[in-house]
Amino acid sequence: MKIVNAAALMLLVTAGAAWGQTAKPATLAEVARYTGADRGRILAEGAKREGKLVWYTSLTAYKEIVDVFEARHPGVKVETYRASSAGLMKRTLTEAQARRHVVDVFETTPPPLMLFRDQQLLMPYTTPSIASYPEDSKEDAPKGLFYWVTDRESFVGVGYNKNSVPAKDAPKDFGDLLKPQWKGKLAFSGTDTGERIVGAMLKARGEEYIRKLKGHDAKLHMISGGALNELVVAGEVAISPTIFRNHVLMAAEKGAPVGWVPMELVLSNAGGSAIAAHAPHPHAAMLFVDFILSPEGQKIFEEVFKYGTPLKDYGFKRWYPEKGLTTAQYEQLSDKWRKLLREIGRK
């Protein structure tokens, strides 16, 4: 009798384990970590039942991504709210305080994502393409999951007007920026782009380099890196170390006389995809993130928007200034870089 009971108990345990392995994910946490072979089908079917997802993004150009996704998944609508990183942060925190669970997916830069992580507003997840992504592009969470994965990179380097600066004379590293020929000609963006490039310079060359740069009569423009690139295109600025590679590529395609060169350490202004901790449409949210991080999604970022992708080696060393830091630690460093930038541009 004991043998029969033991056998029956073993059968129940084995059946239970088998059921657990094949059971469909139901909750957001289960969906986010599910790795079964039928993941794609389960997500697609669940997303169709849910009918939509809400995407908060700081991407300026995003419609092509939405169009391709919706074409791949008829019946799943992407409702997009686009704002600056600061705008997304403010809206998300306000909704969280009111316990209004609206957003499903975030796509924005690390500072807001770091705050959302610290405030427990993100759901850790995995994705089929994760093995292809380098470690620096993933923000680790417990149990082998991730809070976010970098989906796009805007590389910051030296942009210049070819009518003013011959390609052969363009700086090849930060040291070249100190050459006498660039005194009084360098222009910096006065926004966080300029602050972060000072951080890259500090990391690559040290404080002595920054002291030398202070006497180089650099000009500080209180405009974004993108707006500063327009001045480079127009010839009003000859050269700047705070120019985004994708802006130069897009301008060059239109015939603008602009060039871009990476320095020995290239600031990556990254954007990452994350799942909201209380996403109301879990299947659609995870399906959308899988698409963004898939080779197809990454191809759109690179070919249409001219962003860099973590999946590709561009031949230079990237630097992620927020990597491994808490929000408080990053803010402390940002304050230091901001002060140094103001000193560089002070007359």
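What are the residues in the range 82-103 that are over 17 Å from the mean Cα position of the chain (by Cα) and either outside any loop (DSSP other than H, G, I, E, B) or among the hydroxyl-bearing types (Ser, Thr, Tyr) (or both), if any?
90, 91, 92, 93, 94, 95, 96, 97
Surrounded by 20 or more Cβ atoms within 10 Å (Cβ to Cβ) and in a helix (DSSP H, G or I): does that describe residue 202?
No.
Which of the residues that make up the range 232-246 are at pLDDT 95 or above and assigned to a helix (DSSP H, G or I)?
Scanning the range 232-246 gives 232, 233, 234, 245.
Give me a count of the residues in the range 165-182 that are surrounded by 15 or more Cβ atoms within 10 Å (Cβ to Cβ) and closer than 21 Å to residue 247 by Cβ.
Here is the first cut: in the range 165-182, the ones surrounded by 15 or more Cβ atoms within 10 Å (Cβ to Cβ) are 165, 170-171, 174, 176-178, 182.
The next check asks that each one be closer than 21 Å to residue 247 by Cβ; those that pass are 165, 170-171, 174, 177, 182.
Within the range 165-182, residues that are surrounded by 15 or more Cβ atoms within 10 Å (Cβ to Cβ) and closer than 21 Å to residue 247 by Cβ number 6.
Could you identify the single residue in 44, 83, 18 that is of a type in the set (A, V, I, L, M), within 24 Å of residue 278 (Cα to Cα) and at pLDDT below 95?
On the way: 44 fails: at pLDDT below 95; 18 fails: within 24 Å of residue 278 (Cα to Cα).
83 is the lone residue from the list that is of a type in the set (A, V, I, L, M), within 24 Å of residue 278 (Cα to Cα) and at pLDDT below 95.
One line per residue, one yes/no per condition, for (1) in the same structural domain as residue 127 (by TED's automatic domain parsing); (2) touching a helix residue (DSSP H, G or I) at 6+ places or on another chain (Cβ under 9 Å); (3) within 25 Å of residue 65 (Cβ to Cβ); (4) crowded, with 24+ Cβ neighbours inside 10 Å:
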| position | (1), (2), (3), (4) |
| --- | --- |
| 212 | no, yes, no, no |
| 217 | no, no, no, no |
| 222 | no, no, no, no |
| 235 | no, no, no, no |
| 242 | no, yes, no, yes |
| 253 | no, no, yes, no |
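Out of the range 55-95, which residues are touching a Ser or Thr at 6+ places or on another chain (Cβ under 8 Å), of a type in the set (A, V, I, L, M, F, W, C) and under 16 Å from residue 285 (Cα atoms)?
55, 66
Here are 149, 68: which of them is touching a residue at least 12 places away in the same chain (Cβ under 8 Å) and either under 23 Å from residue 200 (Cα atoms) or acidic (Asp, Glu) (or both)?
It is 149.
Quick check on my filter: what residues within the range 105-145 are under 17 Å from the mean Cα position of the chain (by Cα), more than 21 Å from residue 317 (Cα to Cα) and of a type in the set (Asp, Glu)?
Once the filter is applied, which keeps residues that are under 17 Å from the mean Cα position of the chain (by Cα), more than 21 Å from residue 317 (Cα to Cα) and of a type in the set (Asp, Glu), the range 105-145 yields 107, 140.
In this structure, is residue 300 in a helix (DSSP H, G or I), in contact with a Ser or Thr (Cβ under 7 Å, 6 or more places away or on another chain) and among the aliphatic types (A, V, I, L, M)?
No: the conditions fail for residue 300.
If you check every pair at least six apart or on different chains, which have Cβ atoms under 7 Å apart with a residue in the range 331-347 that is under 17 Å from residue 115 (Cα atoms) first and a residue that is in a helix (DSSP H, G or I) second?
Taking only residues 6 or more apart or on different chains, the pairs are 333/199; 334/195.
Kindly indicate the residue of the range 303-347 that is part of a helix (DSSP H, G or I) and of a type in the set (A, V, I, L, M) and also surrounded by the fewest Cβ atoms within 10 Å (Cβ to Cβ) among those meeting that condition.
328
Go through (1) among the charged types (D, E, K, R); (2) under 11 Å from residue 189 (Cβ atoms); (3) in contact with a Leu (Cβ under 6 Å, 6 or more places away or on another chain) and name the single condition residue 219 misses.
(3)
The values are calculated or read from the model by the stated rules, or taken from the named source; none is laboratory data. Keep in mind it's a predicted model, so treat the numbers as computed, not measured. Using ideal geometry, Cβ is built from the backbone for each residue, glycine included, and neighbour counts are taken over all protein chains shown.
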